[in-house]
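Chemist: First the structure, then my questions, so here it is.
The values are calculated or read from the model by the stated rules, or taken from the named source; none is laboratory data. Note that this is a predicted model, so its numbers are computed, not measured. Cβ sites come from the backbone with ideal geometry, for glycine too, and all protein chains shown count toward neighbours. Please note that ligands, DNA and RNA were not included when accessible areas were found on the heavy atoms of the full protein model with its side chains. Shrake-Rupley method; radii C 1.70, N 1.55, O 1.52, S 1.80 Å.
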Amino acid sequence: MTSLVLTLTETLRYRGAVGQWSWVLHRVTGLGVVLFIILHIIDTSWAVFYPDLYVKAIAAYQSPLFTIGEFALVACVVYHAYNGLRIILFDARPLWWRFQQRAAMVVLAATALTLIPVFILMFNHVLKHYSDTPLVLPLGVVLLEQVPFGIGMVLALVAGLALSGLYGAVSGGKEAAPQSSRAERFWWSFMRLSGILIIPLVFGHLAGMHVVQGVFDIQGSHVLERGIAAGLEGGLPAVGANIAQVGVNSSGTAVEFVGDRWNTLVAGVAIWRLYDAGLLALVVVHGFNGLRYVLTDYTMSSPLLRRGMIFTCVIGATILLVLGSGMLVRTIDSTAIEMARNSLCRLYEENHTEVPEVLQCAAETGQ
Amino acid sequence: MDVTFRIRRYNPDIPGKNKPYWQEFRLADVDPNDRVLELLHRIKWEQDGTLTLRRSCAHGVCGSDAMRINGVNKLACKVLMRDINGSKVQVEPILGLPVIKDLVVDMEPFFGHYREVMPFFVNDEPVPANGRERLQSPDDRAQYDDTTKCILCAACTTSCPSFWANGKYVGPAAIVQAHRFIFDTRDRAAKERLNVLAEPNGVWRCRTIFNCTPACPRGIEVTRAIGEVKLAIQRGTTTGIVDISTIHIKEPT
Ligand code: HEM
Ligand code: FES
């Protein structure tokens with residue numbers, strides 16, 4: 001703990017060169033993305049397991065707080081990706097160290113250059129959204145929805161520490177802590193290899209879900225209105241989905257959107273399921289090993305804490321991988337979509353001036 | 001010119017003053033060519049004899065006087081006033097090692113890491129027939145030329161955020177010292193040293209932050225040396241890693 005405080009304050013006080021700040025940013029952006037994927041994987045799994053909750057989660061994603069978060073997320077991923085490449089490069093070619101300062105500046109410049117057009121496109125989605133009469137969940141409702149995640153993370157931490165205590169008691173409680181040099185070497189290579197593999201996957205994912213089609217285009221009455229205005233039967237089609245196979249998002253719910261993508265087959269293969277599986281596995285393992293790096297860096301002085309952090313990371317990654325792969329092998333059927341539609345209707349009833357006709361709610365909710 | 005020094009003081013023996021605190025000293029008639037070390041001496045000799053610091057050679061050879069000067073690690077004996085922007089000098093002990101008094105830190109953990117990498121020549125093979133030195137080509141010698149320059153001042157190790165966070169990390173200096181032997185073709189213990197450095201608190205703690213390279217008062221390419229050791233561990237060999245075409249060895253004059 002003292003080393004955490006010392007490191008944080010002295011990192012700000014030490015006048016290191018740009019590399020020090022690149023490292024700080026790399027760490028902060030990596031942790032930011034980890035925090036987001038914890039929320040994101042869990043609530044995406046609700047599309048399968050609890051369609052009504054998924055609808056609420058996406059409504060929260062469309063609220064101003066998450067819109068700010070979305071811009072921050074994209075910035076974090078872009079910076080982390082470019083800077084990750086810089087780290088990989090200089091680890092592979094130590095000889096080129098003379099160029100590292102310039103490379104760090106290039107990373108910053110490239111991040112800015114990438115973000116300008118991306119933010120413009122994303123901001124267009126925001127403008128378009130608020131020019132309709134969107135459903136906007138109040139901040140209080142949005143925050144309340146996040147509370148369970150906070151509790152879950154604390155529980156994971158407590159469980160990790162409890163396991164660590166148990167491990168200590170069984171192993172005699174001495175220095176003993178699981179660590180091996182071969183594992184560390186593996187992780188070092190894995191972080192680099194997975195980083196490179198993640199780049200196309202995550203950039204494709206962000207482009208599809210945040211730039212080409214925004215989070216606003218996947219749920220709400222406006223999705224139906226826009227689809228109808230474009231001459232479609234129902235809502236907008238999901239990005240990457242094959243309308244001929246799966247149709248459009250005719251319920252205007254994010255659940256149907258997800259189902260349409262996963263049901264799209266190319267040459268008999270559910271490409272988006274494979275894509276998401278690859279992204280899931282790489283990002284979770286990379287992200288949680290990164291989290292382990294950070295957490296263990298600051299808890300080296302206490303074997304109990306250090307082991308606890310490792311167990312916490314293992315628990316977190318396992319939960320996400322189980323939920324994530326669980327959702328990817330299920331189908332989203334019409335019952336799920338109907339549940340989602342009802343949930344959306346209720347959200348409109350509770351938080352909007354009126355329930356738009358296009359949603360065809362009245363009959364179903366019947367209250 | 002007039003110069004103001006702001007020095008981080010700490011004396012565990014004086015009640016009430018056994019917490020670190022800042023103290024300012026003013027010096028008149030300072031020459032731009034004065035070194036920070038001399039000015040610290042002037043403070044000690046003319047103003048406050050209790051100011052405690054470590055130095056020996058005063059010429060950048062022994063590595064005794066590494067300290068944090070205006071925020072970065074330097075040897076006090078190698079920083080001239082004219083290298084410093086303005087007339088304010090802030091001096092603190094180096095980070096991550098226990099402070100004993102004022103600017104003096106306990107170097108023992110640092111030397112402990114140094115010893116871990118077996119910083120001595122290992123070769124039990126019979127000496128050459130003529131009983132003289134084990135010969136080596138200039139190219140082989142060039143591979144570790146840079147890392148022979150280390151004076152163990154700890155400026156690099158204590159500039160490293162990974163070391164601040166975790167004092168068990170062997171740190172840049174120990175890796176530099178290991179590099180000097182690992183890439184010496186006459187040495188026979190590269191494998192053992194690489195095993196030590198492949199431990200969880202070895203090279204993998206390095207996050208390629210590059211604070212250590214500019215901190216080195218001897219201009220050693222520290223991060224490069226660490227990178228070369230990482231590659232040697234990854235590839236399981238010490239050959240073909242150091243590109244000697246980029247190493248410029250000065251001819252003796
Ligand atoms: C987009 C492509 C990505 C690349 C190229 C990349 C690259 C890297 C590299 C090379 C490291 C190792 C740093 C080191 O050992 O010194 C790293 C660390 C890390 N990454 Fe990524 N990464 C990417 C995506 C992600 C994502 C999506 C997440 C979050 C889920 C993430 C979270 C982290 C964390 C938390 C760390 C630890 C930071 C630290 O130790 O200071 N990364 N990344
Ligand atoms: S006093 Fe010897 S290196 Fe500065």
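Chemist: Looking only at the range B:204-231, how many residues end up being closer than 28 Å to B:I69 by Cβ and either touching a Leu at 6+ places or on another chain (Cβ under 7 Å) or away from ligand 2 (no atom under 16 Å from the Cβ) (or both)?
Modeler: Count: 18.
Chemist: Starting from the range A:109-136, take each residue that is farther than 16 Å from A:F71 by Cα and list its partners that are aliphatic (A, V, I, L, M), counting only C-beta distances under 8 angstrom and pairs at least six apart or across chains.
Modeler: Pairs that qualify, where the first residue is farther than 16 Å from A:F71 by Cα and the partner is aliphatic (A, V, I, L, M), are A:L135/A:A59; A:L135/A:L347.
Chemist: Would you mind finding the one in B:K101, B:K88, B:K74, B:K78 that is within 16 Å of B:S159 (Cα to Cα) and basic (K, R)?
Modeler: B:K74
Chemist: Scan B:D29, B:D34 and give me the residue that is more than 25 Å from the chain's Cα centre (by Cα), away from chain A (no Cβ under 14 Å) and more than 8 Å from ligand 2 (Cβ to nearest atom).
Modeler: Sole residue among the options that is more than 25 Å from the chain's Cα centre (by Cα), away from chain A (no Cβ under 14 Å) and more than 8 Å from ligand 2 (Cβ to nearest atom): B:D29.
Chemist: Using the structure shown, decide if A:G308 is closer than 30 Å to A:G234 by Cα and of a type outside the set (A, V, I, L, M, F, W, C).
Modeler: no
Chemist: Of all residues in the range B:163-179, which are open to solvent by less than 10 Å² (accessible area, probe 1.4 Å), small (G, A, S) and at pLDDT below 95?
Modeler: B:A165
Chemist: For A:Q62, all conditions in the list (1) open to solvent by 20 Å² or more (accessible area, probe 1.4 Å); (2) in contact with a His (Cβ under 9 Å, 6 or more places away or on another chain) hold save one; what is the number of the exception?
Modeler: For A:Q62, the failing item is (1).
Chemist: Would you point out which residue out of A:A72, A:A81 is of a type in the set (G, A, S), surrounded by fewer than 20 Cβ atoms within 10 Å (Cβ to Cβ) and away from chain B (no Cβ under 14 Å)?
Modeler: A:A72
Chemist: Taking the range B:53-81, which residues are within 6 Å of ligand 2 (Cβ to nearest atom) and among the small types (G, A, S)?
Modeler: B:S56, B:A58, B:G60, B:G63, B:S64
Chemist: While we're on this one: Would you confirm whether or not the range B:38-53 contains a residue that is among the acidic types (D, E) and in contact with a helix residue (DSSP H, G or I) (Cβ under 9 Å, 6 or more places away or on another chain)?
Modeler: yes
Chemist: I want to confirm something. Restricting to the range B:180-208 and keeping residues that are of a type in the set (V, I, T) and buried (at least 24 other Cβ atoms within 10 Å of the Cβ), which single residue is farthest from the other protein chains (Cβ to nearest Cβ)?
Modeler: Out of the qualifying residues, it is B:I182.
Chemist: Okay, next question. Kindly list the number of the only condition in (1) out of contact with any Gly (no Cβ under 7 Å at 6 or more places or on another chain); (2) closer than 30 Å to A:L137 by Cα that fails for A:S22.
Modeler: Every condition holds for A:S22 apart from (2).
Chemist: Hey, another quick one. Looking at B:V99, B:V91, which one is away from ligand 2 (no atom under 15 Å from the Cβ), in contact with a strand residue (DSSP E or B) (Cβ under 8 Å, 6 or more places away or on another chain) and in the same structural domain as B:W22 (by TED's automatic domain parsing)?
Modeler: B:V99
Chemist: Can you pull out every residue in the range A:104-122 that is within 14 Å of another protein chain (Cβ to nearest Cβ) and touching a Phe, Trp or Tyr at 6+ places or on another chain (Cβ under 7 Å)?
Modeler: Correct list: A:V107 only.
Chemist: Give me the pairs: first residue in the range B:73-87 and farther than 20 Å from A:R13 by Cβ and within 14 Å of another protein chain (Cβ to nearest Cβ), second residue away from ligand 2 (no atom under 16 Å from the Cβ) and open to solvent by 80 Å² or more (accessible area, probe 1.4 Å), beta-carbon distance under 6 Å, and six or more apart or on different chains, which are they?
Modeler: none
Chemist: While we're on this one: Specify which of the listed residues (A:R273, A:R346, A:R330) is away from chain B (no Cβ under 14 Å), assigned to a loop (DSSP other than H, G, I, E, B) and under 21 Å from A:I218 (Cα atoms).
Modeler: A:R330
Chemist: Applying the selection to the range A:14-27, what residues are of a type outside the set (S, T, N, Q) and more than 7 Å from chain B (Cβ to nearest Cβ)?
Modeler: A:V18, A:W21, A:V24, A:L25, A:H26, A:R27 - these are the residues of the range A:14-27 that are of a type outside the set (S, T, N, Q) and more than 7 Å from chain B (Cβ to nearest Cβ).
Chemist: Among the residues of the range B:73-100 satisfying the criterion of being farther than 19 Å from B:C212 by Cα and basic (K, R), which is farthest from the chain's Cα centre (by Cα)?
Modeler: By that ranking, first place goes to B:K88.
Chemist: Residue by residue through the range A:296-308, note down the ones that are open to solvent by 20 Å² or more (accessible area, probe 1.4 Å) and away from chain B (no Cβ under 11 Å).
Modeler: Scanning the range A:296-308 gives A:S302, A:P303, A:L304, A:L305.
Chemist: Let me ask something else. Give me the residue from the range B:143-162 that is open to solvent by less than 10 Å² (accessible area, probe 1.4 Å), more than 16 Å from ligand 1 (Cβ to nearest atom) and part of a helix (DSSP H, G or I) and, out of that set, nearest to B:P98 (Cα to Cα).
Modeler: Applying the filter and picking the extreme gives B:T158.
Chemist: Tell me which helices (runs of 4 or more DSSP H) are completely within the range A:180-261 and hold 3 or more residues being over 20 Å from A:I37 (Cα atoms) and open to solvent by less than 50 Å² (accessible area, probe 1.4 Å), or say none if there are none.
Modeler: It comes to A:181-206, A:221-229.
Chemist: Based on this model, can you work out whether B:N18 counts as free of Cβ contacts under 8 Å to residues at least 40 places away in the same chain, over 17 Å from the mean Cα position of the chain (by Cα), open to solvent by 70 Å² or more (accessible area, probe 1.4 Å) and within 18 Å of A:R15 (Cβ to Cβ)?
Modeler: Taking the combined requirement at face value, the residue does not satisfy it.
Chemist: Would you tally the residues in the range A:120-172 being surrounded by 12 or more Cβ atoms within 10 Å (Cβ to Cβ), more than 21 Å from the chain's Cα centre (by Cα) and more than 28 Å from A:I319 (Cβ to Cβ)?
Modeler: 9
Chemist: Looking at the range B:39-54, can you tell me whether even one residue there is under 20 Å from B:A215 (Cα atoms) and open to solvent by 30 Å² or more (accessible area, probe 1.4 Å)?
Modeler: yes
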